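What follows is one structure encoded as structure tokens, with my remarks underneath.
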Amino acid sequence: MKNGSTIGHNLSPYGQRRIGTVNWLGVWTLYVKEVRRFFKVVGQTVFSPIITTALFMTVFTIALDSTGRYVGDVPFALFLAPGLVIMAILQNAFANTISSIMTSKMQGNIIDLLLAPLGPSEMTLAFTLAAVTRGILVGISVLGSMFLFTDIPFPNLWAVFYFGISAAVMLALLGIIAGIWAEKWEQSSSITNFIIVPLSFLSGTFYSIKRLPGIWHDISQMNPFFYLIDGFRYGIIDHAEGNLLIGALYIAVLNIALWLTCYHMLKSGYKLRP
């Protein structure tokens, strides 16, 4: 009887194994499902960003770096490489969650997820981990291709890990929010085209924000993507233009706020339940 009571205590009403209050088996199952989903089209989800980023690097280095251009005391190719890597992480982490949720909504099988023995925090965790996996996998692959153009020293690995993972988490959570909010593919595309891409390009990826005049310099420092790129660049080439401590705290607070937003949207069934 004692053994039976212990087993019953560790199982949810659906028979899913729980450790404490978290259905880890359910989280793992949803995570694996999401990872397998993007691996089925690995050419589009992983290899395509490598080619696109390499083309960016080729065009910019031929057009600018061949003239011996520097950003401060950093060669332009070395300055550009971290920005392209983090941009690939951002865009792919976002694409993973928003496409998954939008596909489920359009196909009408989102209800299966809502009926599963998973709480909102567990669903958020699984979706986020899968998107982080894709973002980091793409980031590592793109970073490897950068060695074809320049030598990368990696002087501050803690910043590489913190800002790289934080970037993937932030865009994964934004993708969940956007996927829940959008009702049509056109709406999800507009979020990518008019919010994510502009914030990525206007965050110091291709240029130093020190070149921006007055108010535009101040506005750029409100862009969270700037701190992600700046911190990641500091980790790879030891060059930063903003305050790293402020950037790290700013990103942490934003990620907590985004996590809570995802939790409440999933808990309430906002735009998910019929």
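The values are calculated or read from the model by the stated rules, or taken from the named source; none is laboratory data. Bear in mind the structure is a predicted one, so any value in this text is a computation, not a measurement. Note: ideal-geometry Cβ built from the backbone for every residue, glycine included; neighbour counts use all protein chains shown.
Can you tell me which residue among GLY204, GLY214, GLY235 is more than 18 Å from LEU173 (Cβ to Cβ) and over 22 Å from the mean Cα position of the chain (by Cα)?
Checking each option against the conditions leaves just GLY214.
Only one of ILE237, ILE219, ILE180 is closer than 17 Å to PHE127 by Cβ and of a type in the set (A, V, I, L, M). Can you tell me which?
Going through ILE237, ILE219, ILE180 in turn, the sole match is ILE180.
Among the listed residues ILE209, ILE195, ILE180, ILE237, which satisfies the condition of being crowded, with 17+ Cβ neighbours inside 10 Å, under 23 Å from ALA88 (Cβ atoms), modelled with pLDDT of 90 or more and not aromatic (Phe, Trp, Tyr)?
When all the criteria are applied, what remains is ILE237.
For the condition out of contact with any helix residue (DSSP H, G or I) (no Cβ under 6 Å at 6 or more places or on another chain) and at pLDDT 90 or above, what is the one hit in LEU157, LEU173, LEU202, LEU143?
When all the criteria are applied, what remains is LEU157.
Could you list, in sequence order, all residues of the stretch 115-164 that are assigned to a helix (DSSP H, G or I), among the polar types (S, T, N, Q) and surrounded by fewer than 23 Cβ atoms within 10 Å (Cβ to Cβ)?
Once the filter is applied, which keeps residues that are assigned to a helix (DSSP H, G or I), among the polar types (S, T, N, Q) and surrounded by fewer than 23 Cβ atoms within 10 Å (Cβ to Cβ), the stretch 115-164 yields SER121, THR133, SER141, SER145.
With respect to ALA257, determine if the residue is modelled with pLDDT of 90 or more, more than 20 Å from the chain's Cα centre (by Cα) and of a type in the set (Gly, Ala, Ser).
Working: modelled with pLDDT of 90 or more: yes; more than 20 Å from the chain's Cα centre (by Cα): no; of a type in the set (Gly, Ala, Ser): yes.
Taking the combined requirement at face value, the residue does not satisfy it.
Within the stretch 99-110, how many residues are touching a Leu at 6+ places or on another chain (Cβ under 8 Å) and either more than 20 Å from PHE39 (Cα to Cα) or crowded, with 20+ Cβ neighbours inside 10 Å (or both)?
Start the filter on the stretch 99-110 by keeping residues that are touching a Leu at 6+ places or on another chain (Cβ under 8 Å), which leaves 104-105, 110.
With the extra rule that they be either more than 20 Å from PHE39 (Cα to Cα) or crowded, with 20+ Cβ neighbours inside 10 Å (or both), the set shrinks to 105, 110.
Matching residues across the stretch 99-110 total 2.
Failed condition for ASP151, given (1) acidic (Asp, Glu); (2) out of contact with any helix residue (DSSP H, G or I) (no Cβ under 9 Å at 6 or more places or on another chain); (3) over 26 Å from GLY269 (Cα atoms), with all others met?
(2)
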